[in-house]
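First comes the structure, then the notes that go with it.
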Amino acid sequence: MRRLLFIGNGSSDYHDVIAANGYEADVAGEFERCLLELIKYSVADLNQLREGGVLRTYAYPGRLERFRMLELAQEECPFVILPVDGPEEQRWDYFLSEYSKKMRANVRYYDRALDRTFAVDRCTAETRDEVEEVLSALFVLHQRRWNERWLPGVFYSKTTRKFHRMVASDLVERGWLRLHYLKLDGVIEAVLYCFSINGVTSYYQGGFEPTLARLSLGSVITGLAIRQAVSEGNGKFDFLRGDEPYKRRWTQGRAAWNRHWLLAHKGFLLFWIAGAVVRLNLRVERSFKEWMHRRGTDKRVETAVKDDK
């Protein structure tokens, strides 16, 4: 079965076609025409289509008579709406006021706990050389955490690491990269890899020293990233796809859903087989992620108990 897929399939949090402002409808129409005229594929397998994207907004493949279409809800994409009016400090205070007293206390507690224990530098990479150093630390920290779960992590291959070094160096020059990191006693122990463009900051990947789980480095550096997004006047902090527990703590149930479109312009049997495979893949992926989150939570609890002893 020949599948038509997006470039970046499997690694990207959102998929879409690229259109200049004002040309979205034209590009979506051309995309529909190409789907009809291309004969080198059996199934157009279009996944991780984001809410508000060009295809979700302007394309209507279901109306094309020569296509059979299956549309499925795919992955939850949590986000936070940020205040944009008023002085920065007031905006940050207003943002925190939306959370429970316990959540606000935890945000401040872990910040103070770090300062009591270490000499802390809270930084954002601003030069190519700094990006190179911080990305190297991210790759190590991220892989260490995932290897504990018997998984390779997204940065396991040399090709992937080379790609991110190249892209991040370009993005920092354009002002779109937000590579936050925490130095504790001069050592990088936490990194958060984000992007900021068109009023939205997006959380891509993080890496944290697992032996310091009791200090909640992830919460501290996420708070740092959100506060910078507030200071820049961004209106949204997007955690991208995935319903991990740490995202739910920040987003309080706010989420959009990616969609999966499966289109075929051949026989019913082929479309039925493709649909069955897609449904099975989604079910297996969700079950695997639930297992992975449980294992990660158990591991953090085990580490915290060892540290307390």
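The values are calculated or read from the model by the stated rules, or taken from the named source; none is laboratory data. None of these values were measured; they are calculated from a predicted model. Methodologically, a virtual Cβ is constructed for each residue, glycine included, from the backbone with ideal geometry; neighbour enumeration extends over all protein chains shown.
The residue that is farthest from residue 201 (Cα to Cα), counting only those in segment 1-28 that are surrounded by fewer than 14 Cβ atoms within 10 Å (Cβ to Cβ) and small (Gly, Ala, Ser), is 25. The helices (runs of 4 or more DSSP H) found wholly in segment 48-162 and carrying at least 3 residues that are surrounded by fewer than 13 Cβ atoms within 10 Å (Cβ to Cβ) occupy 88-97, 101-117.
Cβ-Cβ distances below 6 Å connect the following pairs, each with a first residue in segment 209-230 that is closer than 22 Å to residue 86 by Cβ, a second residue that is among the hydroxyl-bearing types (Ser, Thr, Tyr), and a separation of six or more residues or different chains: 229/201. Taking the conditions exactly as written (surrounded by fewer than 21 Cβ atoms within 10 Å (Cβ to Cβ), in contact with a Pro (Cβ under 9 Å, 6 or more places away or on another chain) and at pLDDT below 95), does residue 254 satisfy them or not? Yes.
The number of residues in segment 21-47 being over 19 Å from residue 77 (Cα atoms) and either outside any loop (DSSP other than H, G, I, E, B) or in contact (Cβ under 8 Å) with a residue 40 or more places away in the chain (or both) comes to 18. May I ask you to list the residues in segment 208-225 that are hydrophobic (A, V, I, L, M, F, W, C) and either under 22 Å from residue 257 (Cβ atoms) or not in a helix (DSSP H, G or I) (or both)? Across segment 208-225, the qualifying residue is only 208. Restricting attention to segment 150-166 and to residues that are closer than 22 Å to residue 178 by Cα and in contact with a Lys or Arg (Cβ under 9 Å, 6 or more places away or on another chain), the residue that is modelled with the highest pLDDT turns out to be 155. Only one entry in 7, 18 is assigned to a loop (DSSP other than H, G, I, E, B) and within 22 Å of residue 275 (Cα to Cα), namely 7. Does segment 14-22 include one or more residues that are under 22 Å from residue 250 (Cα atoms) and acidic (Asp, Glu)? Checked against the condition, which is being under 22 Å from residue 250 (Cα atoms) and acidic (Asp, Glu), segment 14-22 yields no hits at all. Summed over segment 172-188, the residues that are within 12 Å of residue 123 (Cα to Cα) and buried (at least 20 other Cβ atoms within 10 Å of the Cβ) give a count of 6.
The set of residues in segment 201-216 being crowded, with 21+ Cβ neighbours inside 10 Å, modelled with pLDDT under 95 and not small (Gly, Ala, Ser) consists of 208, 215.
The set of residues in segment 48-70 that are touching a Leu at 6+ places or on another chain (Cβ under 8 Å) and more than 30 Å from residue 228 (Cβ to Cβ) comprises 55, 61, 64, 66, 67, 68, 69, 70. Checked against (1) touching a residue at least 12 places away in the same chain (Cβ under 8 Å); (2) over 19 Å from residue 238 (Cβ atoms); (3) touching a helix residue (DSSP H, G or I) at 6+ places or on another chain (Cβ under 6 Å), residue 83 passes all but condition (2). The residues in segment 227-273 that are out of contact with any strand residue (DSSP E or B) (no Cβ under 7 Å at 6 or more places or on another chain), in the same structural domain as residue 200 (by TED's automatic domain parsing) and either among the hydrophobic types (A, V, I, L, M, F, W, C) or assigned to a strand (DSSP E or B) (or both) can be counted, and the count is 1.
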